[in-house]
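J.: Shown below is the structure under consideration.
The values are calculated or read from the model by the stated rules, or taken from the named source; none is laboratory data. As the structure is a computational prediction, the values presented were derived from the model and not from experiment. Glycine gets a Cβ as well: all are built from the backbone with ideal geometry, and neighbour counts include every protein chain shown.
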Amino acid sequence: MSFSKSGGKFIISLDFELMWGVRDIVTIDSYGQHIAGVHEAIPKMLACFQRHNIKATFATVGLLFFSSREELLNNLPHKKPNYKVTNLSPYGDYMVKSVGKDHHSDRYHFAPELVRLIQNSPGQEIGTHTFSHYYCLEEWQTIDDFRDDLQAAMITAKKMGINISSIVFPRNQFNINYLEVCKEAGIITYRNNEESWLYNARSGEKESLLRRAFRLVDAYVNLTGHHCYTEKYMSAKFPVNIPSSRFLRPYYSKLQFLDWLRLRRIKKSMTHAAKNNLMYHLWWHPHNFGINQLENFSFLEEILVHYRYLNEKYSFTSCTMTELAKEIIEGQGNLRNTI
């Protein structure tokens, strides 16, 4: 039975990256508290998910799987991206000068124990956020660089007994030309961006303050719609596109007085999806919950309580990206032959 007849779907994905995802824009001195807090936040999230029967996809950067710098350096891909903006690359001096000896001494770059915790948590999926937090729209990187990066991510996960079948593109730099590489690697689903000019994928250099400002407003007031999706929309091509509906912005004290609007925005869209048998996809980074954990988890709790209500009333169901993709594929005979 297709989900359009059996009830809507609630997807949560998390971009699990530690410093590898922000090292080009912040430092450990300025942002380290957020990153260190991930080691406390993820166990809390998993407990919260279990309490509310939530399944989630943790799109994880391959570099944080390792236990030591030596192990990391011995498992790098052969080809590495030669970005025009050289600071985007984590390779070279950064790995030698900024990465600690092992996961005991460096909680900013390594988290094998968190990967294992997620792996052993019922209902949770580990997907890939590429090996090196790879930027697919930046100048001078190539599709062959991406292929080697993705292969390294798959091999690294496989060594821990994890079979990767979903991908989230770092910085939401979705590149349609790279889907064939994903397909070859065994990826069956990916997260694309919301259907709006505000969210269209761009390189870092082409991003604008205007778009950022409108996205901020859209988090509180409905400027661009609910971003809920039909099974037909998601099944148009293979791999299966499971687009984002909303980024769960972290608590910000200066905008605390507007949090009721932020919550209402999310709950209304979830309700719209549940009533109309659509898919709603919420995402964030674990480091967004690295600080202000009381406020962030209280906000998440309200969302998940609302999910429970929708689940009971409308059969709105939580599932991972791969679970939903498999359900869609099973309902579409020759979907794997399209791209």
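J.: Quick check on the stretch 198-219: of everything there that is part of a loop (DSSP other than H, G, I, E, B) and under 21 Å from the mean Cα position of the chain (by Cα), which residue is modelled with the highest pLDDT?
T.: Residues of the stretch 198-219 part of a loop (DSSP other than H, G, I, E, B): 198-203, 207-208, 219.
Checking the rest, the ones that are also under 21 Å from the mean Cα position of the chain (by Cα) come to 198-203, 207, 219.
Details: Leu198: 77, Tyr199: 76, Asn200: 71, Ala201: 58, Arg202: 63, Ser203: 59, Glu207: 65, Ala219: 91.
The extreme case among them is Ala219.
J.: In addition: Looking at the structure I just gave you, is Arg308 under 30 Å from Glu180 (Cα atoms) and either at pLDDT below 95 or in a helix (DSSP H, G or I) (or both)?
T.: Here the answer is no, as Arg308 does not meet what is asked.
J.: Another one. So which residues in the stretch 115-126 are hydrophobic (A, V, I, L, M, F, W, C) and touching a Ser or Thr at 6+ places or on another chain (Cβ under 9 Å)?
T.: We begin by selecting, within the stretch 115-126, every residue hydrophobic (A, V, I, L, M, F, W, C); these are 115, 117-118, 126.
Within the stretch 115-126, Val115, Ile118, Ile126 meet the criteria.
J.: Considering only residues that are of a type in the set (Ser, Thr, Tyr) and out of contact with any Gly (no Cβ under 6 Å at 6 or more places or on another chain), look in the stretch 1-32 and name the one that is surrounded by the most Cβ atoms within 10 Å (Cβ to Cβ).
T.: Filtering the stretch 1-32 for residues of a type in the set (Ser, Thr, Tyr) gives 2, 4, 6, 13, 27, 30-31.
So of that shortlist, the ones also out of contact with any Gly (no Cβ under 6 Å at 6 or more places or on another chain) come out as 4, 6, 13, 27, 30-31.
Numbers: Ser4: 16, Ser6: 12, Ser13: 23, Thr27: 11, Ser30: 10, Tyr31: 18.
Restricting to residues being of a type in the set (Ser, Thr, Tyr) and out of contact with any Gly (no Cβ under 6 Å at 6 or more places or on another chain), the top hit is Ser13.
J.: Continuing with this model, one more query. Return the residues of the stretch 249-267 that are among the charged types (D, E, K, R) and exposed (fewer than 13 other Cβ atoms within 10 Å of the Cβ); say none if nothing qualifies. Break it down stepwise before answering.
T.: Step one: of the stretch 249-267, the residues among the charged types (D, E, K, R) are 249, 254, 259, 262, 264-265, 267.
Of everything in the stretch 249-267, just one residue is among the charged types (D, E, K, R) and exposed (fewer than 13 other Cβ atoms within 10 Å of the Cβ), namely Lys254.
J.: Please find, among Lys97, Lys101, Lys84, the residue that is over 18 Å from Phe16 (Cβ atoms), exposed (fewer than 15 other Cβ atoms within 10 Å of the Cβ) and in contact with a strand residue (DSSP E or B) (Cβ under 8 Å, 6 or more places away or on another chain). Show your work before the answer.
T.: Working: Lys97 fails: in contact with a strand residue (DSSP E or B) (Cβ under 8 Å, 6 or more places away or on another chain); Lys84 fails: in contact with a strand residue (DSSP E or B) (Cβ under 8 Å, 6 or more places away or on another chain).
When all the criteria are applied, what remains is Lys101.
J.: Which residue is nearest to Ala59 (Cα to Cα), if the candidates are limited to the stretch 114-161 and must be part of a helix (DSSP H, G or I) and acidic (Asp, Glu)? Can you show your working first?
T.: Step one: filter the stretch 114-161 for residues part of a helix (DSSP H, G or I), giving 114-119, 143-159.
Cutting the leftovers down to acidic (Asp, Glu) gives us 144-145, 148-149.
Working: Asp144: 22, Asp145: 20, Asp148: 18, Asp149: 15 Å.
Looking at residues that are part of a helix (DSSP H, G or I) and acidic (Asp, Glu), I get Asp149.
J.: Shifting gears a bit: Among the listed residues Leu76, Leu63, identify the single one that is part of a helix (DSSP H, G or I), surrounded by 15 or more Cβ atoms within 10 Å (Cβ to Cβ) and more than 15 Å from the chain's Cα centre (by Cα).
T.: Leu63
J.: Kindly check whether there is at least one residue in the stretch 239-257 that is free of Cβ contacts under 8 Å to residues at least 12 places away in the same chain and not in a helix (DSSP H, G or I).
T.: Yes - at least one qualifying residue is present in the stretch 239-257.
J.: Restricting the search to the stretch 297-320, which residues are among the hydroxyl-bearing types (Ser, Thr, Tyr) and over 20 Å from Pro122 (Cα atoms)? Walk me through how you get there before you give the answer.
T.: Going through the stretch 297-320, the residues among the hydroxyl-bearing types (Ser, Thr, Tyr) turn out to be 298, 307, 309, 314-315, 317-318, 320.
Within the stretch 297-320, Ser298, Tyr309, Tyr314, Ser315 qualify.
J.: Filter the stretch 1-36 down to the residues that are in a loop (DSSP other than H, G, I, E, B), of a type outside the set (S, T, N, Q) and within 23 Å of Phe169 (Cα to Cα) and list them by number.
T.: Correct list: Glu17, Val22, Arg23, Asp24, Ile25, Val26.
J.: Restricting attention to the stretch 33-47, does a residue exist that is in contact with a helix residue (DSSP H, G or I) (Cβ under 9 Å, 6 or more places away or on another chain), surrounded by fewer than 18 Cβ atoms within 10 Å (Cβ to Cβ) and of a type in the set (D, E, K, R)?
T.: Yes, that holds for at least one residue.
J.: While we're looking at this one, here's another question. Those residues that are within 17 Å of Met321 (Cβ to Cβ) and either touching a helix residue (DSSP H, G or I) at 6+ places or on another chain (Cβ under 9 Å) or buried (at least 19 other Cβ atoms within 10 Å of the Cβ) (or both), I need them from the stretch 116-129; list them, please.
T.: Keep residues of the stretch 116-129 that are within 17 Å of Met321 (Cβ to Cβ), which gives 118-119, 121-129.
Listed by number, the residues that qualify are Ile118, Ser121, Pro122, Gly123, Gln124, Glu125, Ile126, Gly127, Thr128, His129.
J.: Here's something else I'd like to know. Can you tell me which residue within the stretch 268-323, out of those that are of a type in the set (Asp, Glu) and either under 30 Å from Gln33 (Cβ atoms) or crowded, with 18+ Cβ neighbours inside 10 Å (or both), is nearest to the chain's Cα centre (by Cα)? Don't jump to the end; show me each part of the working.
T.: Step one: of the stretch 268-323, the residues of a type in the set (Asp, Glu) are 295, 301-302, 312, 323.
Narrowing the set further to residues that are either under 30 Å from Gln33 (Cβ atoms) or crowded, with 18+ Cβ neighbours inside 10 Å (or both) leaves 295, 301-302, 323.
On the way: Glu295: 21, Glu301: 19, Glu302: 21, Glu323: 16 Å.
Among residues in the stretch 268-323 that are of a type in the set (Asp, Glu) and either under 30 Å from Gln33 (Cβ atoms) or crowded, with 18+ Cβ neighbours inside 10 Å (or both), the one nearest to the chain's Cα centre (by Cα) is Glu323.
J.: So, one more: Is it the case that Asn82 is within 18 Å of Ile143 (Cα to Cα) and touching a residue at least 24 places away in the same chain (Cβ under 8 Å)? Quick ask: steps written out before the conclusion?
T.: On the way: within 18 Å of Ile143 (Cα to Cα): yes; touching a residue at least 24 places away in the same chain (Cβ under 8 Å): yes.
For Asn82, the condition - within 18 Å of Ile143 (Cα to Cα) and touching a residue at least 24 places away in the same chain (Cβ under 8 Å) - is met.
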